1. Counting pairwise Cα distances across chain B, what percent come out greater than 36 angstrom?
2. Report the per residue volume, in Å³, of the convex hull enclosing the C-alpha atoms of the range B:129-213.
3. Rounded to the nearest 0.05, what FRET efficiency do A:Asn215 and B:Tyr135 have when you use their Cβ-Cβ distance and R0 = 45 Å?
4. Between A:Val229 and A:Phe119, how high is the FRET efficiency from 1/(1 + (r/R0)^6) when r is the Cβ-Cβ distance and R₀ = 25 Å? Nearest 0.05.
5. If we count every other residue with Cβ under 14 angstrom of B:Leu61's Cβ, Lys/Arg +1 and Asp/Glu -1, where does the sum land?
6. Determine, at each q value in 0.09, 0.10, 0.13 (inverse angstroms), the log₁₀ of I(q)/I(0) that the Debye formula gives when each Cα of chain A is one equal point scatterer.
7. So what's the angle, to the nearest 10 degrees on a 0 to 90 scale, between helix A:204-214 and the longest Cα principal axis of chain A?
8. Once you list every other residue whose beta carbon is under 14 Å from the beta carbon of A:Gln207, what net charge do they have if Lys and Arg are +1 and Asp and Glu are -1?
Amino acid sequence: MNLNSPWLRGATVAASLALGAVIWEVTGRYTSDAFWAPLSATLSSLREVAVNGVLLRQAMSSFQLYIAGLALAVVVGAPFGMLLARVRWLRVALEDYVLMLYSTPMVALIPFLLSMMGFGFAPKVLVVFLFAVFPVLYNTIEGARSIKPELIEVAQSFRSGEWQLWRDVMIPYTLSFTMTGVRQAIARGLVGMVAAEFFLSPSGLGQMIMMGSQNFDTAGMLAAILLIVLLGVGLMDLGRALEKRFAVWRGYNP
Amino acid sequence: MKAPNTPPRIRIAAAGKRYQQHQIFENVDLTVGEREVVAIIGPSGCGKTTLLRCIDGLIPLTQGEILIEGSPMLAPRAGVAMVFQHFGLFPWKTVHDNVAYGLKLSGISKAEINERVPHFVKLVGLSGFEKYYPYQISGGMQQRCGLARALATEPRVLLMDEPFGAVDAQTREILQFELLRIWEDTPTTMVFVTHSIEEAVLMGDRIVVLKGRPSSVHEVVEVDLPRPRDRATLLLPHFAELREHVWGTLMADARQAEFDVIKNN
């Protein structure tokens, strides 16, 4: 089968999704409602919460949390990463911490944050931030370090000062690598969002999942999960588009 | 018109460079006048590129001094521009923005930059490619862009670091003649580092042969070929004589030098 044809490709994807939907529907009908609900019931539950306004309210609550945490991660991670890449002693001193925290499952820190900061909005944002910041930071450091010394020499030859070096060379070069980190942060931030809503005070889409589960409203729970899945897919696409936008020039190997 | 006591464009006196235990070159004396092209040639690793970086003020000497227009080169300075072997274009900038780079750093207004850049883009034959990124154009075109970036700052000293060393043979020839044409239009002081004997003879008014370990000026060859030079220059009997002479100087103990490298390492 020639999958290079866009038509055939699209048809294959559509068939696969349709089959998945059928399997979901059929298995749902022959399983206890306590474990699993058919797709049709999930969708009608989704419609119900959409109509009565619960969905919008919960989704907005989640979204606020997510955007606040993610934005903080980018605003802190990118400049700090560039600083670490350029100031050698700072990097040597802090690199191991970055690597340690990057590989730590952040969920493990949640009980600690809970006892430190309680149940408010701030600790939840902090959780999303902690999930999202390390990919941004790590990719920025690696990117900024990979800049060719030749290009820095060119800048010096043209009498670039330090801040001009940042404006013309360091930032535009590193940004494309930072965006790779942002793409990863978009995905990890979503995990952080749900984790924060589960383990700190329940709210948003996480609360919808939990309530569905506790009330044996399997369709309601699946509706919230489905929404998060779709949100994730959409955000990943957005991340890839962002990354591509900042790496137009990377077809080049200087 | 010139005042009798005007200092030479470039004066290099007893210059030496040492990295830790390793003396790269020593006792280099050289004076380069206005409108003069000096080609520096020597075997790989003889320090000709290092010397050029010292002239640009990118790295400091450890002995002696380098004066441009009478004042010592301690850091890169306006009026001195370098063209790099590896082109050194910023891959995220378009041709236009790369050419504009030096002007932008000199604090020239955007309007004036946009007025000046097209002239230099045209001078190197890149009109129509202003919006291209480096990865979209050939190596030869990239080096044209690198040349335009240096020329746009209207340098009084142009430093060329094996500028055509990374392009293919045919492109190299085309670019050599283009450079000669551009130089004829606005003759400036040029120091041209190369490892091609033919290129040194074609470009230079004088050829400085660097040799030895540590290297020093082994011979200075006067190139009394008429200007303007073009393809016909290559056919002159005197061109061949000069080429053979430099070849003889450079290759006399090339085999010995090659074996010295192994011993030193």
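Just so it is clear, none of the values below were taken in a lab; they were calculated from the coordinates. Predicted model, so just to flag it, every value in this text is computed and none were measured. Ideal geometry is used to build each Cβ from the backbone, glycine not excepted, and the neighbour counts take in all protein chains shown.
1. Value for chain B: 14 percent of Cα pairs lie more than 36 Å apart.
2. 123
3. FRET efficiency, A:Asn215 to B:Tyr135: 0.20.
4. Here the calculated transfer efficiency is 0.40.
5. Net charge around B:Leu61: 0.
6. -0.55, -0.65, -0.95
7. Around 40 degrees separate the two axes.
8. Residues close to A:Gln207 contribute a combined charge of 0.
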